[in-house]
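The values are calculated or read from the model by the stated rules, or taken from the named source; none is laboratory data. This one's a predicted model, so the numbers in the text were calculated from it and none came from an experiment. Because the Cβ atoms are built from the backbone with ideal geometry, glycine has one as well, and the counts that use them run over all protein chains shown.
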Amino acid sequence: MNEHMNISVLKSNSLSFLHILHSINFELKQYESLGVVGHNGAGKTTLFHVLLGLKFKSTGDFYIQEKKIGYVPERPYLQMEEVFEDFLFLHLNLISFPKSEQLLELKRVAVLVGLENNLKQKFQTFSKGMLQKALLAQAMLGSPKLIFLDEPMSGLDPESRTELKKTLKVLKMNGVSLVFSSHVMDDVIEFADQVLEMSNGKQTFYGSVQEWRVK
């Protein structure tokens, strides 16, 4: 994964068109992590959606070499009556994971996020931190080498933040590249190798985390 990305996105607004993303350029190398920062409405989530194929760009090009990609959205789109184990089985089937290996795989990701004892529980019994871990477990199915995380620490209490950080550090140590957004400078410094700063859909900075700290 060593890609150059140049992206613009147009959104229709009555009789005119508004740029919601334009002139975004960055490169993500294998085993690196990218922190995407900016105010609310800067375009961070839209950028993620374009890269994930959930929204379509109007101009520009990007190429992601990895075929297996995980995604943790900022807001969990979960059926609260659903059992955690069933949720993982559903996503294993969606990625055509071999039936004979599914139970082993879901137990593997549950252990990695510390929810191995909660597989039979419904999401309505989960705390905010547990729900975030469940989403990360889903994103880790099939061992992707690239995971997008949209504000993964948002709304978590200090203990949940610490536990989630430990899991993300393990992923980085195992060669997983993380593309994440955050409003917290300390989190960006802790996890990012490169930083992409955005404002009103524009790129205002791209460089190493060291350069970003002193700019």
Margin query: I want to confirm something. Restricting to the range 113-161 and keeping residues that are touching a Leu at 6+ places or on another chain (Cβ under 8 Å) and over 29 Å from K29 (Cα atoms), which single residue is surrounded by the fewest Cβ atoms within 10 Å (Cβ to Cβ)?
Written below: K128
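Among the residues of the range 60-79, is there at least one that is over 18 Å from the mean Cα position of the chain (by Cα), modelled with pLDDT under 80 and over 21 Å from M153 (Cα atoms)? If you could, list the steps in order and put the result at the bottom.
Step one: list which residues in the range 60-79 are over 18 Å from the mean Cα position of the chain (by Cα), which gives 60-61, 79.
Among the residues that remain, those that are also modelled with pLDDT under 80 are: 60-61.
Checking which are over 21 Å from M153 (Cα atoms) leaves us with 60-61.
Yes, that holds for at least one residue.
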Next item on the list: Working only within the range 166-190, note down all residues that are closer than 17 Å to G70 by Cα, surrounded by 15 or more Cβ atoms within 10 Å (Cβ to Cβ) and either touching a Gly at 6+ places or on another chain (Cβ under 7 Å) or not hydrophobic (A, V, I, L, M, F, W, C) (or both).
Entry: T167, K172, S177, F180, S181
Notebook entry, point to check: Which members of the range 191-215 meet the condition of being more than 19 Å from the chain's Cα centre (by Cα), in a loop (DSSP other than H, G, I, E, B) and either touching a residue at least 60 places away in the same chain (Cβ under 8 Å) or surrounded by 17 or more Cβ atoms within 10 Å (Cβ to Cβ) (or both)?
Noted result: N200
Note to self: Pull out all pairs, ordered by first then second residue, where Cβ-Cβ is under 6 Å, the residues are six or more apart or on different chains, the first lies in the range 105-127 and is without any contact (Cβ under 8 Å) to a residue 12 or more places away in the chain, and the second is part of a helix (DSSP H, G or I).
What the structure shows: E116/A110
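For the structure I just gave you, tell me whether V179 is touching a helix residue (DSSP H, G or I) at 6+ places or on another chain (Cβ under 8 Å) and aliphatic (A, V, I, L, M).
Values: touching a helix residue (DSSP H, G or I) at 6+ places or on another chain (Cβ under 8 Å): yes; aliphatic (A, V, I, L, M): yes.
Yes.
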Note to self: Which condition from (1) outside any strand (DSSP E or B); (2) in contact with a helix residue (DSSP H, G or I) (Cβ under 9 Å, 6 or more places away or on another chain); (3) under 28 Å from E82 (Cβ atoms) is the one that K169 breaks?
What the structure shows: (3)
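Go through the residues of the range 157-169 one by one and say whether even a single one is in contact (Cβ under 8 Å) with a residue 60 or more places away in the chain and out of contact with any Phe, Trp or Tyr (no Cβ under 8 Å at 6 or more places or on another chain). Step through it out loud before you land on a result.
Of the residues in the range 157-169, the ones in contact (Cβ under 8 Å) with a residue 60 or more places away in the chain are none.
So far as the range 157-169 goes, no, none of its residues is in contact (Cβ under 8 Å) with a residue 60 or more places away in the chain and out of contact with any Phe, Trp or Tyr (no Cβ under 8 Å at 6 or more places or on another chain).
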Check: Here are some conditions: (1) over 25 Å from A42 (Cα atoms); (2) not in a loop (DSSP other than H, G, I, E, B). L149 meets all but one. Which one does it not meet?
Finding: (1)
Next item on the list: Please enumerate the residues belonging to the range 1-42 that are more than 14 Å from D193 (Cβ to Cβ), of a type outside the set (S, T, N, Q) and modelled with pLDDT under 50.
Entry: E3, H4, M5, I7, V9, L10, K11, L15, F17, L18
Notebook entry, point to check: If you scan the range 65-102, which residues turn out to be of a type in the set (A, V, I, L, M, F, W, C) and either touching a strand residue (DSSP E or B) at 6+ places or on another chain (Cβ under 6 Å) or surrounded by fewer than 14 Cβ atoms within 10 Å (Cβ to Cβ) (or both)?
Noted result: I69, V72, M80, V83, L90, L94, I95
